[in-house]
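Below: the structure, in structure tokens.
The values are calculated or read from the model by the stated rules, or taken from the named source; none is laboratory data. Worth saying up front: this structure is predicted, and the values here are computed from it rather than measured. Note: ideal-geometry Cβ built from the backbone for every residue, glycine included; neighbour counts use all protein chains shown.
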Amino acid sequence: MKCGICKAEMDETTVTYTEDIDQGVIVIRYVPAHVCTECGNTWYNGTIAARLEKMIDRYASSTETEVSVINFEKSVA
Ligand SMILES: [Zn+2]
């Protein structure tokens, strides 16, 4: 697929996604994504984006540790 910003080719890969929450930061590893080879723009498909959102919601309300590292592949959310 092509990048929505610069129209270059995008690589299918996995990335580490980070999200700032009130009490710290959530790090989600091995998230399937498309990354632009030119500008680095990262794109997640709808299913992945929805799962990410759910995982962040769940961890943001349940964790009290400053840094949570989650493996996307092993998460059931
Ligand atoms: Zn691009």
Say whether the condition of being within 16 Å of the ligand (Cβ to nearest atom) and either assigned to a helix (DSSP H, G or I) or polar (S, T, N, Q) (or both) is met by at least one residue in segment 39-53. yes
For Arg58, indicate whether it is modelled with pLDDT under 95, assigned to a helix (DSSP H, G or I) and more than 16 Å from Asp11 (Cα to Cα). yes
Starting from residues that are among the acidic types (Asp, Glu), under 30 Å from Cys6 (Cβ atoms) and in contact (Cβ under 8 Å) with a residue 12 or more places away in the chain, keep the ones in segment 18-77 and report whichever is surrounded by the fewest Cβ atoms within 10 Å (Cβ to Cβ). Glu73
Looking only at segment 4-23, decide whether some residue is assigned to a loop (DSSP other than H, G, I, E, B), away from the ligand (no atom under 16 Å from the Cβ) and of a type in the set (Gly, Ala, Ser). no
Determine whether Arg29 is assigned to a strand (DSSP E or B) and of a type in the set (Lys, Arg). yes
